[in-house]
Amino acid sequence: MKSLSHVNCRVLLSCSLLIAVGVVLYSSILGYEYVWDDTLLFVDKVSLLNEPLSWELISQPVLFGTSYFRPFVFLSWYVEFQLWGQSSAVSHAIHLVVYILNCLLVYGLARVFLVNCKNHEIRALLAALVYACHPVLIETTAWISGRFDLFVSFFIYLAVLVYFSGLRRGKLLAIGLCFVFALFSKELGVVLPFVIYALWMAKYGVGFSLLNGSKRFLLENKLLVLMFFFILVMYFLLRSQAMGGIYHRGISWFYVTEAYFSDFLPFKAPLFYLYRLMLPFLAGGALHPYEYYWVKPYESLAVIAFTLVAFFILLRGLVRNKKELYWLVLSGVFCLSLVLHIIPLTIGENLGHDRFLSTALAFFVIAVFRPDYANFLIRIKVRPKVASGIVGGCLAFWFALVVLTHQSLLGVWKDEFSLWQESYRVYPDFKPASYNYVYSAIKSGRFDTAEDVLLEISESRGFGVSEQSLYADLLVRKGDPEALRYLEGLDAAIPDFHEDEYPLYMLANFSVTPKQLGGFYSTYSSAMIIFEGDLKSAKELNSVAAWYLDKGETLPLLYQKAAIEYLSGNYEKSHDLLVEISGWHFSHKKNLIAFFETLVEKYCGIKKDDEPCENYVQKNDQWLEIETQLYQARS
């Protein structure tokens, strides 16, 4: 009884330490903003804030042109926004809580799989601390769209811990629910059955032949395997119904020749993730373009050789089945299997992302703490105290690097501009990095920075459609009529998809998305108001912009349309639009109200004698009624 109490006390102290470390490392994210895909998923697209809960709402594809099916995470955002509104502080607080829960679950897993090691309680705590402190978790924890990886990690860890627990009643149901929630959080959930198999072999199957061990697993877990199969069948049926298919990209011969034999992506990806596991301190940010990694012929050959040798060593260890280590590593590999470019990925031209390591990290860390490194050093004639000092020193050095670099790496995610500034610093020639850096600079009012970068792009590789659109937007915001020339050129160059000249999927040929094209036509509409005073053309362009956007993305267009109606003398229509908007909930009302007022002010600068402008300048009843409605919307 006394011994049990002592163990419980140690566990409680360890959990308290993990919670404290998590809070110290990540409490600063409570002041961070929404960044990157957050704007695409729910900031600029306000459906989750305003539409009633429905299956269609939460089962929508994550991004245009994909079939990523993650309804549980969308449901979590819906519930969050309904309860507390759209607040980046609340969103980050939820992430902090789930991150700490994941650290505690990893501690529990480490205690299970290190139990027969020397000093297993200390090893389990150290493994959990390494997991908690590892910089690859920054992306998942500090970025709200990283919730997909945060949640799927939680449910996979919980399912594994329940499976290896002493729970007798309800175990199958609990694991099944975790499996469903993992699948509905991210596609990675499909690997849970394979992870449990690998971990069962690590725990109970070592020493048997691979075939006999696998047979034992199936015999002892018949109901579990049948349940996994049934859930997977139902999941793929639901996914196919919601997405119109299982997956948006097939494995074509063209993909195989490009990815496997030209870019060697399935060979480079494992080394990339190993590099991020071992040396995550060297660079932060969101992007890791494959064109920057091992592109020279001799480098590619070395990477291929390394990956093949590593695969052979792992396979040999699994077949011989004498050490738990190999099965723990295999569990991590299973968690990476969907992002090794074996199947096509929709992640731009990136080799990988840190967030893809979130789930695998736990199993790799536990595997690292299985061997007795001090004993190995002693066996090669190193004195015991020296051996212990070497092992402890290496661990202390790793934690020191974390302390020195964590806050700087974490700070990259504090706002949109910081994120893309870092990505542009590391990968200045990578188009997504430069585009997003310029876009964030314009959005945050850093016009000089945006102009300098655009000038560099123009001199180095010239403007594409997206860069020309950004430059036109910059000129409009600066009040430079030269913007019209760029906008007219773009309008002539881009096919009229909205008039069914070409199918929308061909947008990819122009390296733009529907949202970007909607933004272009919106900018063009604003330019016609500000520089030409042409309200008819502005209204037409506003309608074209709306064609490219989902309903939840059209708020800026509604404010723009309300301004056009007011300036056209249609005061009642303008007022009605503002009344309609005032019933919507979204987090950036002030910016859009300022946008409305700017359009009116700029137009009236060139059309002073128009009646709506006289009303605006003299603050007559028609304008005061509009202004009152604007201020109601602001509140």
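Table for the structure above
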| item | result |
| --- | --- |
| Extension reserve of the residue 28-residue 620 stretch, reckoned as 0.36 nm per residue once the Cα distance is removed | 208.3 nm |
| Where only C-alpha atoms are counted, convex hull volume of segment 364-405 per residue in Å³ | 67 |
| Sum of side-chain charges, residue 135 neighbourhood, beta-carbon under 11 Å (Lys, Arg +1; Asp, Glu -1) | -1 |
| Theoretical gain in end-to-end length, residue 482 to residue 447 [0.36 nm per residue, Cα-Cα removed] | 11.0 nm |
| Angstrom value of the Kirkwood radius, inverse mean 1/r, which spans all Cα pairs in segment 73-119 | 12.8 |
| With Cα atoms, 0 to 90° folded angle of helix 483-493 axis to the chain main axis | 70 |
| Simple label model, 7 Å out from Cα along Cβ direction - residue 218 to residue 257, nm | 3.9 |
| Projected label distance in nm at residue 347 and residue 120, using a 7 Å step from Cα toward the beta-carbon | 3.5 |
| Probe 1.4 Å, protein heavy atoms only - accessible area per residue of segment 526-589 in square angstrom | 40 |
| Rh (Kirkwood; distinct C-alpha pairs) - segment 110-156, Å | 12.0 |
| Compactness of segment 322-431 - radius of gyration and Dmax, Cα, Å | 19.1, 54 |
| Chain lengthening between residue 298 and residue 208 when straightened (0.36 nm per residue, less Cα-Cα) | 28.3 nm |
| Within the chain, longest stretch clear of exposed trypsin sites (Lys or Arg not before Pro) (DSSP loop, no more than 11 other Cβ within 10 Å) | 382-607 |
| Per-pair calculated FRET efficiency, R0 = 41 Å: residue 627 and residue 63 via Cβ, rounded to 0.05 | 0.60 |
| Degrees separating the helix 71-84 axis from the principal Cα axis of the chain, which is the longest one | 60 |
| Residues residue 51 and residue 388, FRET efficiency given R0 of 60 Å [Cβ-Cβ distance, rounded to 0.05] | 0.50 |
| Computed over the chain, Kirkwood Rh from alpha-carbon pairs, angstrom | 27.3 |
| Spatial separation of Cα centroids for segment 372-401 and segment 223-278, in angstrom | 40 |
| Size of electric dipole in the chain: Cβ of Lys, Arg +1 and of Asp, Glu -1, about Cα centre, debye, nearest 20 | 5420 |
| Ratio of the Cα radius of gyration of segment 436-587 to 2.2 N^0.38 Å, where N counts its residues | 1.07 |
| Degrees between helix 147-163 axis and first principal axis of the chain (Cα, 0 to 90, nearest 10) | 30 |
| Accessible area of segment 270-397 belonging to carbon and sulfur atoms, whole % at 1.4 Å probe | 72 |
| Those Cys residues of the chain for which no other cysteine Cβ falls under 4.7 Å | 9, 15, 103, 117, 133, 178, 335, 394 |
| Rh by Kirkwood over Cα pairs, then Stokes-Einstein D for segment 136-241 at 1.306 mPa s and 10 °C, µm²/s | 107 |
| Distribution of pairwise C-alpha distances over segment 560-635, 5 Å bins, in % | 3, 17, 31, 27, 14, 6, 2, 0 |
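The values are calculated or read from the model by the stated rules, or taken from the named source; none is laboratory data. Just so it is clear, the model here is predicted, and its values are computed rather than measured. A quick note on method: Cβ atoms are made from the backbone with ideal geometry, for glycine too, and the neighbour counts reach across all protein chains shown. SASA here: full protein model, heavy atoms, side chains in, ligands and nucleic acids out. Shrake-Rupley method; radii C 1.70, N 1.55, O 1.52, S 1.80 Å.
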